[in-house]
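Read-outs throughout are calculated quantities, based only on the coordinates presented, and are distinct from any laboratory measurement. Quick caveat, the model's predicted, so the values are computed rather than measured. As a convention, Cβ positions derive from the backbone with ideal geometry for all residues, glycine included, and neighbour counts pool all protein chains shown.
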Amino acid sequence: MEKGFMAKLAGHPGGETLLHCFQCGICTSSCPVAEEIDLKPHQVSKLAALGFESLLMSSKLLWDCTLCYMCTERCPKQVSVAGIITALRNVAIGEGMIPPAYKLQVERMFKLGRIYEVTDFENEVRADMGLPPAPEVKVEEVRTIMEETSLAQSVGVTKEGGKP
């Protein structure tokens, strides 16, 4: 168990509610991905309060949670389980523990302004559905937001489009 872990989480929005959990399990019964993840939402508060940082940081739950907020909405004690998971992600990112797929998404967002490049095929499908072509993205605005929020720096993306 890592000392000070709970205080580290409590400093992030949502993290301050983790001690309110009394392990009723309503959050887990509400979770659409509970069957697919290694740790269940109700276990997050308990493990965080007990200081199991390594277990939480290596959990599939950390990155597979969809952040749908059903757990938070249904909690009778207003524990922000989704907020705690977001706090865990922020701690992980701060420590450089980011899955390669997420790094790739950030790199693509920085380069294209979106996660994937819209091709003629996508626009043809949109036209078949009576939709206009996908709107152009103001890439410089997206980059500015990513830089101002330190998202680009957290994965090592630079204006040159590469890693430092």
Quick numbers on the chain, Rg and Dmax over C-alpha atoms in Å, give 18.8, 58
Using Stokes-Einstein with the Kirkwood hydrodynamic radius over Cα pairs, what translational diffusion coefficient do you get for the range 100-154 at 10 °C and a viscosity of 1.306 mPa s, in µm²/s rounded to a whole number? 129 µm²/s
Projected onto the charge dipole of the range 5-94 (unit charges on the beta-carbon of Lys, Arg, Asp and Glu, signs +1, +1, -1, -1), the Cα from 28, 75, 94 with the largest positive-side position is that of 75
Regarding the range 5-94, what are the three Cα extents along the principal axes, ordered largest first, in Å? 29, 25, 19
Please compare each pair in 60/103; 60/138; 40/77; 77/103; 46/103; 138/159 to a cut-off of 24 Å on the Cα-Cα distance and tell me which ones are over it. 60/138; 77/103; 46/103
Rough spin-label spacing in nm, given labels placed 7 Å along Cα→Cβ, for residue 67 and residue 101: 1.6 nm
With angles folded into 0 to 90 degrees, how steeply does helix 139-148 sit against the dominant principal axis of the chain? Use alpha carbons for both and round to 10. 30 degrees
